[in-house]
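Below is one structure, written out as structure tokens, with a few remarks after it.
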Amino acid sequence: MNWTCRTVDREFTPAEAAKISGVSTALQRDWRRRGILPENSEGKWTRWDLSEVIRLCVMKLFSDAGIDVSKTVLVSQMAILPTLKVIGTIDGATEFDGNELSIEERASILRGMVGTSDPRHTLGRYLAACGEGETDFRRVDKFEDLKSLITRDRPILSIIDCQNLARLIVKRAAGPVIRFEVEIVE
């Protein structure tokens, strides 16, 4: 059987994004005015996709840890792939619409969601802020790998676990956050 599959990210209102990320709607507007978040160029109501909600969560977490939010834009992008990969493994986070697929076919889609062709390449579970510059962030797979980032010059390290972040987002979103539309191709 041949089929096609299209991924449809759920869109979130500013209020839903605030509930999930902790970034109030007023703070979202402030960050847009300051150029930290992109302005809505179409003049429509803002809607956030899942990647943007992940970014909001990370920016808020590091901002709460005392890091200037304008310096968290890059690290928030670094969180998207590892967090999406985990979301694909959480029960209830995804749904399939359209033609029925076998369990194996669904598993294959979820594995390929943000996978890489080289099994040695990993996405990194932990994000760490190890300085004050916007490039002083690292993404590592093992917690032990973070030890080398703590030095005399940098006695503080802020860490986000993308696995736990994914679980938190799915829990707060209350329902599937990714939908796959499946169609049989003849």
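The values are calculated or read from the model by the stated rules, or taken from the named source; none is laboratory data. Because the structure is predicted, anything quoted here is derived from the model rather than measured. All Cβ positions, even for glycine, are placed from backbone atoms using ideal geometry, and neighbour counts span all protein chains on display. In case anyone asks, the SASA skips ligands and DNA or RNA and just uses the protein heavy atoms, side chains included. Shrake-Rupley method; radii C 1.70, N 1.55, O 1.52, S 1.80 Å.
Per-structure values
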read-out	value
Single condition residue 95 does not satisfy, out of (1) assigned to a strand (DSSP E or B); (2) among the acidic types (Asp, Glu); (3) modelled with pLDDT under 75	(3)
Residue match in segment 58-70 (condition: touching a strand residue (DSSP E or B) at 6+ places or on another chain (Cβ under 7 Å), part of a strand (DSSP E or B) and in contact (Cβ under 8 Å) with a residue 24 or more places away in the chain)	no
Residue 160 aliphatic (A, V, I, L, M), at pLDDT 75 or above, assigned to a strand (DSSP E or B) and open to solvent by 30 Å² or more (accessible area, probe 1.4 Å)	no
Sole exception among (1) modelled with pLDDT under 90; (2) open to solvent by 70 Å² or more (accessible area, probe 1.4 Å); (3) not in a strand (DSSP E or B) for residue 7, by number	(3)
Condition met for residue 22 (under 25 Å from residue 178 (Cβ atoms) and of a type in the set (Gly, Ala, Ser))	yes
Count of segment 115-129 residues which are out of contact with any Pro (no Cβ under 8 Å at 6 or more places or on another chain) and at pLDDT below 75	8
Boolean, residue 54 is among the β-branched types (Val, Ile, Thr), open to solvent by less than 50 Å² (accessible area, probe 1.4 Å) and not in a helix (DSSP H, G or I)	no
Segment 10-35, subset crowded, with 18+ Cβ neighbours inside 10 Å and β-branched (Val, Ile, Thr), residue nearest to residue 71 (Cα to Cα)	23
Count of residues meeting criterion [polar (S, T, N, Q) and under 16 Å from residue 56 (Cβ atoms)] in segment 67-101	5
Failed item in (1) modelled with pLDDT under 85; (2) in contact with a Cys (Cβ under 6 Å, 6 or more places away or on another chain), with residue 153 passing the rest	(2)
Selected residue (criterion: farthest from the chain's Cα centre (by Cα)) from residues of segment 72-96 that are open to solvent by less than 70 Å² (accessible area, probe 1.4 Å) and more than 30 Å from residue 35 (Cα to Cα)	96
